[in-house]
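See below for the structure under consideration.
The values are calculated or read from the model by the stated rules, or taken from the named source; none is laboratory data. Computed from a predicted structure; not experimentally measured. For neighbour counting, all protein chains shown are included, and Cβ atoms are generated from backbone atoms with ideal geometry for every residue, glycine included.
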Amino acid sequence: NGLKKYFPITGGLFGRKVGEVKAVDDVSFYVRKGETLGIVGESGCGKSTTGRLLMRLIEASDGSILFEDKEITRMSPTELRKVRRDIQMVFQDPYASLNPRHSVEEILEEPLIVHGIGSKDDRRKLVKEMLEVVGLSSFHARRYPHQFSGGQRQRIGIAKALMTKPKLIIADEPVSALDVSIQAQVLNLMKDIQKEFGLTYIFIAHDLGVVRHISDRVGVMYLGRLIELAGSEELYENPKHPYTKALLSAVPVPDPDLKKETILIEGELPSPANPPSGCAFHTRCSVCMEICTTVRPEGIANDGHYVACHLYSEGNAAGVINTKLEN
Ligand code: SF4
Ligand code: MG
């Protein structure tokens, strides 16, 4: 709720603070138990930072994070350790997150040792179990990360996240580094695991195409802000924000007869250290209005469809402007 993360920019002779990057700037959302919330945006939009904030891998500058009604931002280290059994992360680059000198067995056991769970026998049993859950076998337990393919390594990363029997998994671009042919396999595996263990997912991606079939709801971020969030079907069928519309127009459609016009996003992504005034997207928006350059649009939710854009502010002739957008 109202989550912010501002990183100081230091410079000059004495390393004084000369500015700040508003990596996450007043972001609010909820995730229902058992659902998948996709969070999408270009690199530097603050989606990974948001994921890290939720686990308190980094501290928020402001805002609150509730997990099952417990305030994570104010937890003592002991309480935080307990919650970290329930919330696990899967990272983009499994190779970087798996210690190359440890065998798969040692890698998977580690979270249990950290949390003081089970005897050595229990742990080894669970390692074998989880390897099978992710489509590997106990035969792989003695091998090392370099002996696996990228897809297999991500399976190991997923098994590691499952070891503490978490309730929530925050997956930060878990398939972005994989070949397209492998991506679907890993996505399907994650879906199956979600059903089997009743997991809740926050699924971070830079591409709307990737999260479409795994997400119940999808949020879109731009320069540290959440600019739209809706149920997946609603978002893909009826996007409201000009940025979302442009992103969606770039997602390939399977049927070539379904003609789709690509809406180009003008200009470069501005620096998060120096975001535009008013609506952060105004420098690239093809339907920018005068108010957009000075006033930051408030988010408005209608039937669970949230959007932060002046086109949808009260009193705006959204219908008229929408027609213009579709042309
Ligand atoms: Fe475009 Fe204005 Fe909406 Fe921003 S607020 S997306 S500039 S129309
Ligand atoms: Mg990232």
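Data table
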item: Restricting region 240-263 to residues that are surrounded by fewer than 23 Cβ atoms within 10 Å (Cβ to Cβ) and closer than 25 Å to Thr294 by Cβ, the residue that is modelled with the lowest pLDDT; result: Ile263
item: Some residue of region 64-77 being crowded, with 17+ Cβ neighbours inside 10 Å, away from ligand 2 (no atom under 16 Å from the Cβ) and within 30 Å of Leu247 (Cα to Cα); result: yes
item: Selection from region 98-131 of residues that are part of a loop (DSSP other than H, G, I, E, B) and either surrounded by 19 or more Cβ atoms within 10 Å (Cβ to Cβ) or of a type in the set (Phe, Trp, Tyr) (or both); result: Leu98
item: Given (1) touching a residue at least 40 places away in the same chain (Cβ under 8 Å); (2) more than 16 Å from ligand 1 (Cβ to nearest atom); (3) surrounded by fewer than 17 Cβ atoms within 10 Å (Cβ to Cβ), number of the condition Glu42 does not satisfy; result: (2)
item: Flag if Ser76 is free of Cβ contacts under 8 Å to residues at least 12 places away in the same chain, of a type in the set (Gly, Ala, Ser) and either touching a helix residue (DSSP H, G or I) at 6+ places or on another chain (Cβ under 7 Å) or on the phi < 0 side of the Ramachandran plot (or both); result: yes
item: Flag for Glu237 being more than 12 Å from the chain's Cα centre (by Cα), among the charged types (D, E, K, R) and within 23 Å of Ile169 (Cα to Cα); result: no
item: Contacts under 6 angstrom Cβ, first residue in region 281-295 being closer than 21 Å to Gly44 by Cβ, partner within 16 Å of ligand 2 (Cβ to nearest atom) and hydroxyl-bearing (Ser, Thr, Tyr), 6 or more apart; result: Phe281/Tyr222
item: Candidate set: region 172-200, residues that are closer than 19 Å to Cys45 by Cβ and buried (at least 16 other Cβ atoms within 10 Å of the Cβ); chosen: the one farthest from ligand 2 (Cβ to nearest atom); result: Val175
item: Candidate set from region 22-32 (those that are farther than 10 Å from Leu226 by Cβ and in contact with a Gly (Cβ under 8 Å, 6 or more places away or on another chain)); member that is surrounded by the fewest Cβ atoms within 10 Å (Cβ to Cβ); result: Lys22
item: Matching residues, region 1-24, being assigned to a loop (DSSP other than H, G, I, E, B) and free of Cβ contacts under 8 Å to residues at least 60 places away in the same chain; result: Gly12, Leu13, Phe14, Gly15
item: Residue that is among the hydrophobic types (A, V, I, L, M, F, W, C), at pLDDT 80 or above and within 13 Å of ligand 1 (Cβ to nearest atom), where the choices are Val320, Val307; result: Val307
item: Subset of region 154-182 [charged (D, E, K, R) and either within 16 Å of ligand 1 (Cβ to nearest atom) or more than 17 Å from the chain's Cα centre (by Cα) (or both)]; result: Arg155, Lys160, Lys165, Asp179
item: Residues of region 45-63 classified as over 12 Å from the mean Cα position of the chain (by Cα), buried (at least 16 other Cβ atoms within 10 Å of the Cβ) and within 16 Å of ligand 2 (Cβ to nearest atom), total; result: 1
item: Residues within region 260-283 that are at negative phi and within 8 Å of ligand 1 (Cβ to nearest atom), tallied; result: 4
